[in-house]
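To start, the structure itself, in structure tokens.
Here, each number is a calculation from the coordinates, and none is a lab measurement. For clarity, every value in this text was computed on a predicted model and none was experimentally measured. Here the Cβ positions follow ideal geometry from the backbone for every residue, glycine too, while neighbour counts run over all protein chains shown.
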Amino acid sequence: QVQLVESGGGLVQAGDSLRLSCAASGRAVYTNTMGWFRQAPGGEREFVAAITWSGTSTDYADSVKGRFTISRDNAKDTVYLQMNSLKPEDTATYYCAGGAVRLDQYQGRYKYWGQGTQVTVSS
């Protein structure tokens, strides 16, 4: 059984940084493309970033390009999302996703999901 567990969320001020972690266990989900999505209160879940199993290719939503960086450490079965220059509009529950075949912004192509970690950015 695959399990993804996010951590690292919290309450920060605008301009601050946070690093989210997603620890994977179970099947070799870490060999697949992993991603981060987020859902703001009252909003739909949206794509944030994705990374291939090798870590050599990444994709980002336009809203986070230049501020967020996705990375992975396959030896630790962990994916990270470094978030810099945070803005109040980044406030959301952030979800780790895994099991996609390739880089994809469509959440339906990810097989596995974590429970989410809350990020709140105050102005």
* Share of alpha-carbon pairs per 5 Å distance bin for the chain, given as whole % -> 2, 13, 24, 27, 19, 10, 4, 1, 0
* Asked: Tell me, what HN-Hα J-couplings in whole Hz come from the Karplus equation 6.51 cos²θ - 1.76 cosθ + 1.60 at θ = phi - 60° for each residue of the stretch 81-97, using x for Gly and Pro?
  -> 9, 8, 10, 10, 6, 5, 10, x, 6, 7, 4, 4, 8, 9, 10, 8, 9
* **Gain on full stretching of the segment that runs from Asp104 to Ser57 - 0.36 nm per residue minus C-alpha separation** => 15.8 nm
* Asked: Near Lys76, which lysines are there with a Cα under 21 Å away, not counting those fewer than 8 places off in the same chain?
  -> Lys111
* Most mobile of Ala75, Ala23, Ala61 per a Gaussian network model of the chain (Cα springs, under 10 Å)? -> Ala75
* **Under 25 Å from the Cα of Lys87 - lysines, other chains or at least 8 residues apart** => Lys65
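Pick out, in residue order, every one of the chymotrypsin sites (Phe, Trp or Tyr not before Pro) in the stretch 1-106 that is DSSP loop and has at most 12 other C-beta atoms within 10 Å; say none if there are none.
Values: sites: Tyr30, Trp36, Phe37, Phe47, Trp53, Tyr60, Phe68, Tyr80, Tyr94, Tyr95, Tyr106; in loops: Trp53, Tyr106.
Taking the stretch 1-106 and a limit of 12 other Cβ atoms within 10 Å, the loop chymotrypsin sites (Phe, Trp or Tyr not before Pro) found are Tyr106.
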* Asked: Most mobile of Leu11, Leu103, Leu81 per a Gaussian network model of the chain (Cα springs, under 10 Å)?
  -> Leu11
* To do: Rounded to whole Hz and in sequence order, give me ³J(HN,Hα) for the stretch 50-61 from the Karplus expression 6.51 cos²θ - 1.76 cosθ + 1.60, θ = phi - 60°, writing x for Gly and Pro.
  => 8, 8, 6, 4, 7, x, 7, 10, 9, 9, 9, 5
* Using Cα pairs under 8 angstrom and six or more residues apart, how large is the relative contact order of the chain, in percent? -> 36
